[in-house]
Amino acid sequence: MTSPLETISAVVVGREKEIAAIVAAVNCGRHILIEGPPGTSKSTVLRTIAKYLDIPLFIVEGNMDLTPAKLAGHFNPGKVMQDSYDPKHFEKGPLTMAMEQGGILYIEEFNRMPADVANILITPMEERELNIPRYGKVVAQGKFTVVASQNPYDDVGTVRISRAFMDRICRITLDYQSEAEELEIVSRRTGSTDEKLMLWAVKLARRTREHEEIKMGASVRAAIDLVALGESMKKNGLLTAENVEQAALMALSSKVWLTEMSNKTPEQVVSSLVKEIKEKENLSYVPVTDAEVGAEEKKTFHQGPEISSNNLRR
Ligand SMILES: Nc1ncnc2c1ncn2[C@@H]1O[C@H](COP(=O)(O)OP(=O)(O)OP(=O)(O)O)[C@@H](O)[C@H]1O
Ligand SMILES: [Mg+2]
């Protein structure tokens, strides 16, 4: 029989410690703040845990348009006009549904929603109850848990999370994973078997995280996109040296966030990284011609013997 953690590992690469901690928190009714840059598996981990624990997951995107009524629910105005404030005319929001069904309320980018919306969560988190005028008292069932996430690099258009909220929550950070784990993620997500293309894409994405002109680098999503683009080009016979570099620009440039000091475009910075890893690490993905290698091996990969990952962050 496979263990629960084995079931989760079949979907999530790595993250064993973090998964064990989150499962423990959900099982004992502790609320969680997951802090991590985009693409660091926050949603994947939570979705998989909810599935494994067999509890419903309600996902809400935190933004300035979110209101307490959107979160808790509201009375249908037409039905109230025709009839009355009967509880059956109450349209439940994700908070009420999560409480009644003993599910997880997952609020992504929690620090982007207005403070008064965050405050509505305090009583359900603390008392496991919520009083909704004319609807009645909602009592949290089973494993009701609030999970909030935030990106530590996000500082524009965000609000400071209140001490009252932080005092009622347990915090866990999910940072970028190791190179080997990112390679495994890319392989699972794209189905590619081209190890050289995957290594190039993962190295390139990882390099963006330590470039001095980049405030927030690209996640494994960039490597997934680059490999998917490369594989798609291959299928259509479009994989040339220029095209694969264009694919790198496409996959990476939207995902890097330059510092205020930089006067370059994201494309220029990504281009310079493509050049840099080619020159410094002798690492590039270069399709070579049939004449050079024979028709059976059309694509090759140029990698120097001394590739070092010492300067890579993790
Ligand atoms: N550890 C992992 N195991 C399996 N897939 C992963 C892992 N990490 C990332 N991925 C894949 O990378 C992509 C991004 O992951 P995910 O959506 O979970 O990140 P996130 O932290 O929720 O990002 P965001 O902050 O942007 O919402 C998805 O395609 C996901 O399948
Ligand atoms: Mg997510």
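The values are calculated or read from the model by the stated rules, or taken from the named source; none is laboratory data. The shown structure was predicted, so the numbers you read here are calculated from the model rather than taken from an experiment. Cβ coordinates were reconstructed from backbone atoms using ideal geometry, including for glycine residues, and neighbour counts include every protein chain displayed.
Residues are listed down the side, and each one gets a yes or a no for (1) in contact with a strand residue (DSSP E or B) (Cβ under 9 Å, 6 or more places away or on another chain); (2) crowded, with 18+ Cβ neighbours inside 10 Å; (3) farther than 21 Å from Asp154 by Cβ; (4) not assigned by TED's automatic domain parsing to the domain that holds Pro152:
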{"residue": "Val186", "(1), (2), (3), (4)": "no, yes, yes, yes"}
{"residue": "Lys196", "(1), (2), (3), (4)": "yes, no, yes, yes"}
{"residue": "Ala201", "(1), (2), (3), (4)": "yes, yes, yes, yes"}
{"residue": "Thr240", "(1), (2), (3), (4)": "yes, no, yes, yes"}
{"residue": "Thr259", "(1), (2), (3), (4)": "yes, no, no, yes"}
{"residue": "Lys264", "(1), (2), (3), (4)": "yes, no, yes, yes"}
Quiz item: If you check Ala21 against the conditions, is it of a type outside the set (Ser, Thr, Tyr), away from ligand 2 (no atom under 16 Å from the Cβ) and under 30 Å from Arg206 (Cα atoms)?
Solution: yes
Self-check item: Subset of the range 123-145 (residues that are in a strand (DSSP E or B) and farther than 12 Å from His31 by Cβ)
Solution: Glu129, Leu130, Asn131, Ile132, Gly136, Lys137, Val138, Val139
Quiz prompt | Pair list, Cβ under 9 Å, 6 or more apart: the range 255-284 residue touching a residue at least 40 places away in the same chain (Cβ under 8 Å), other residue among the small types (Gly, Ala, Ser) and part of a strand (DSSP E or B) | solution = Val274/Ser284; Ile277/Ser284
Self-check item: Count of residues meeting criterion [more than 16 Å from ligand 1 (Cβ to nearest atom) and at pLDDT below 95] in the range 29-54
Solution: 3
Exercise. Among what's in the range 207-225 and is of a type in the set (D, E, K, R) and surrounded by fewer than 24 Cβ atoms within 10 Å (Cβ to Cβ), pick the residue that is farthest from ligand 1 (Cβ to nearest atom).
Key: Glu212
Quiz item: Within the set of pairs 6+ apart or on separate chains, which have a first residue in the range 7-33 that is closer than 26 Å to Glu127 by Cα, a second that is of a type in the set (Phe, Trp, Tyr), and C-beta atoms under 8 Å apart?
Solution: Val23/Tyr52; Gly29/Phe144; Leu33/Phe110
Quiz item: Taking into account only those residues within the range 55-79 that are touching a Phe, Trp or Tyr at 6+ places or on another chain (Cβ under 9 Å) and within 16 Å of ligand 1 (Cβ to nearest atom), which is modelled with the lowest pLDDT?
Solution: Gly62
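Scan the range 145-154 and tell me whether some residue there is away from ligand 1 (no atom under 16 Å from the Cβ) and touching a residue at least 12 places away in the same chain (Cβ under 8 Å).
Yes, the conditions are met somewhere in the range 145-154.
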Quiz prompt | Entirely in the range 50-122, the helices (runs of 4 or more DSSP H) that have 2 or more residues that are among the polar types (S, T, N, Q) and either surrounded by fewer than 19 Cβ atoms within 10 Å (Cβ to Cβ) or over 24 Å from the mean Cα position of the chain (by Cα) (or both) | solution = 94-101
Quiz item: Given the structure, is Tyr135 more than 26 Å from Ile22 (Cα to Cα), of a type outside the set (Asp, Glu), buried (at least 20 other Cβ atoms within 10 Å of the Cβ) and assigned by TED's automatic domain parsing to the domain that holds His31?
Solution: yes
Practice problem: Being free of Cβ contacts under 8 Å to residues at least 60 places away in the same chain and within 16 Å of ligand 1 (Cβ to nearest atom) is the filter here, so list the residues in the range 80-137 that pass it. | Solution: Leu105, Ile107, Glu109, Asn111, Arg112, Met113
Quiz prompt | Where a residue in the range 220-237 is under 20 Å from Ser271 (Cα atoms) and its partner, wherever it lies, is modelled with pLDDT of 95 or more and not in a helix (DSSP H, G or I), with Cβ under 6 Å and at least six apart | solution = Val220/Gly39; Arg221/Gly39; Ala222/Lys255; Val227/Ser192
